[in-house]
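Asks: First, the structure itself, so that you have it in front of you.
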Amino acid sequence: MDKSTTQPNQRILALDILRGITIAGMILVNNPGTTQTYAPLQHAEWFGLTPTDLVFPFFMFIMGITTYLSLRKFQFKWSVPCARKILKRAFLLWFIGLAITWLVMFFRGMESPLNAQLPFTQRLYISADTFCRLRILGVLPRLGICYGLAAVIALSVKHQLIPWIIGGIFIGYYILLECCNGYAHDNTNILAIVDNCILGAGHVFKPESPDPEGILSTFPALAHVLIGFCVGKGIMKLNNLNDKIERLFVIGTLLTFAGFLLSYACPLSKKLWTPTFSMVSCGLASLLLALLTWIIDKKKHQDKLTDFFHVFGVNPLALFVLSDILLIPLGIILFGGSSIRVITYKNVLLPVLGIKAASLAWAILYVCLNWCVGYILFKKKIYIKL
């Protein structure tokens with residue numbers, strides 16, 4: 001008998017590898033050398049789906065699985081340590097996201113030509129006083145909010161009811177989109193109206209259209225994480241690795257086909273986080289996890305490529321936060337009128353590679369730079385939990 005197929009209920013290495021792939025992908029697509037990039041590295045403008053649209057939802061799907069693994073240690077029962085952990089992580093993710101947004105705005109203000117002639121103290125004050133136009137939500141806040149809510153539901157509700165909660169959220173959100181101009185790409189969209197009324201026009205991504213991480217779209221994003229939770233529960237209770245792979249494949253196939261079929265009525269849209277987008281992205285993530293589990297955990301195929309992504313997978317959020325912080329010295333602070341990113345792109349990469357290839361080359365170099373920091377942490381066995 002193949003012992004690799006009869007391991008006890010344990011975490012699969014492919015989960016960390018897939019998480020590393022998504023974090024590397026998020027850093028790659030968020031940091032091109034210029035706005036002119038290859039089509040697969042761009043988000044769909046409104047409706048549709050590109051590979052870039054998948055990296056963030058893939059991570060949220062994995063977060064659902066790891067939420068199951070994390071809460072299993074507490075037997076899915078409320079306790080002071082458990083509540084403290086949930087509250088701390090949810091708040092940290094939201095606060096760090098907010099702090100990074102403020103830091104980026106501050107340094108942009110300090111480097112802005114409009115403020116160049118002002119006295120230093122006045123320029124410092126103007127750059128720091130950006131709270132009236134600070135975006136409250138975003139990628140990290142969405143992760144924090146969805147994790148916190150998903151964890152509360154997982155501890156407070158019978159797990160048999162969670163699929164019904166997911167279905168209820170999806171149906172309610174679909175009705176809202178259909179009945180309240182939810183597909184409009186302007187500020188008449190109900191999502192934009194709610195964001196602008198509650199958060200204020202100065203605290204959203206763009207007041208003229210729905211915030212991609214806005215208030216109402218957080219609900220289907222929560223359902224997205226809960227799908228990951230249910231998948232985690234479904235596979236981790238199985239002892240046989242072949243059964244895990246088979247279940248991941250079946251779930252992924254059903255979700256993907258159902259999402260594409262229903263997209264005739266409810267279009268795929270990451271910016272709206274439509275139910276069909278969530279179903280398709282969760283389905284594809286499940287299929288990819290099944291494939292990686294077969295390759296890595298069953299066939300024991302590990303090489304330099306899997307090791308590369310493993311570095312990102314064990315410190316995912318720490319390296320994602322680092323990528324945002326490194327953007328300040330490399331992409332915002334000016335040296336002789338240009339940033340290091342612009343200097344490298346225009347003077348080194350562009351003359352050799354051309355516009356789009358040079359943009360991709362910078363993004364790859366940026367991913368590798370963050371990997372180098374992650375590798376040091378990995379070798380020292382330092383795991384930063386956020």
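Asks: Could you give the size of the charge dipole of the chain about its Cα centre, using +1 on the Cβ of each K and R and -1 on the Cβ of each D and E, expressed in debye and rounded to the nearest 20?
Replies: Values: 34 positive and 18 negative charges, 301 e Å.
Using Cβ point charges on Lys, Arg, Asp and Glu, the chain gives about 1440 debye.
Asks: What FRET efficiency comes out for the pair Gln36/Lys300, r = Cβ-Cβ distance, R0 = 41 Å, nearest 0.05?
Replies: Details: r = 42 Å, r/R0 = 1.02.
Plugging the Cβ-Cβ distance into 1/(1 + (r/R0)^6) gives 0.45.
Asks: Name the shape class, rounded, prolate or oblate, that the alpha-carbon gyration tensor gives for segment 121-196, where a ≥ b ≥ c are the square roots of its eigenvalues, rounded holds for a/c under 1.5, and otherwise prolate holds if a/b is larger than b/c and oblate otherwise. Display every interim value, and only then the final one.
Replies: Details: a/c = 5.18, a/b = 1.54, b/c = 3.36.
Because a/c hits 1.5 or more and a/b fails to exceed b/c, segment 121-196 counts as oblate.
Asks: With the cut-off at 1.5 for a/c, could you classify segment 164-319 from its C-alpha gyration tensor as rounded, prolate or oblate?
Replies: Working: a/c = 2.76, a/b = 1.78, b/c = 1.55.
Since a/c reaches 1.5 and a/b is larger than b/c, the shape of segment 164-319 is classed as prolate.
Asks: List the longest stretch of the chain that has no exposed loop site; here a site is one of the trypsin sites (Lys or Arg not before Pro) assigned by DSSP to anything other than H, G, I, E or B, with at most 16 other Cβ within 10 Å. Don't skip to the end; give the middle numbers.
Replies: Details: sites that count: Arg11, Lys73, Lys77, Lys158, Lys237, Lys299, Lys300, Lys380, Lys381, Lys385.
So the longest stretch without any such site is 78-157.
Asks: Give, as a single signed number, the net charge of other residues whose beta carbon lies under 14 Å from the beta carbon of Pro329, with Lys and Arg counted +1 and Asp and Glu -1.
Replies: Numbers: positive: Arg108, Arg341; negative: Glu111, Asp324.
Around Pro329, the surrounding residues sum to 0.
Asks: Under the 0.36 nm per residue contour assumption, what length would be gained going from the current alpha-carbon distance of Lys73 and Cys179 to full extension?
Replies: Working: separation 106, 0.36 × 106 = 38.16 nm, distance 4.26 nm.
Extra length from Lys73 to Cys179 when fully extended: 33.9 nm.
Asks: For segment 14-113, what does the alpha-carbon gyration tensor say about shape, rounded, prolate or oblate, given a ≥ b ≥ c as the root eigenvalues, a/c under 1.5 as rounded, and a/b over b/c as prolate? Walk me through the numbers on the way to the answer.
Replies: Values: a/c = 3.04, a/b = 1.43, b/c = 2.12.
Cα axes put segment 14-113 in the oblate bin.
Asks: To the nearest 10 degrees, how steep is helix 241-262 against the longest Cα principal axis of the chain, on a 0 to 90 scale?
Replies: With rounding to tens, the tilt is 60 degrees.
Asks: Are there chymotrypsin sites (Phe, Trp or Tyr not before Pro) in segment 12-60 that DSSP marks as loop and that have at most 15 other Cβ atoms within 10 Å, and which are they? Walk me through the intermediate numbers first.
Replies: Working: sites: Tyr38, Trp46, Phe47, Phe58, Phe59; in loops: Tyr38, Trp46, Phe47.
Qualifying residues, ordered by number: Tyr38, Trp46.
Since every read-out is calculated from the coordinates, none of them should be taken as a lab result. This one's a predicted model, so the numbers in the text were calculated from it and none came from an experiment. Ideal geometry is used to build each Cβ from the backbone, glycine not excepted, and the neighbour counts take in all protein chains shown.
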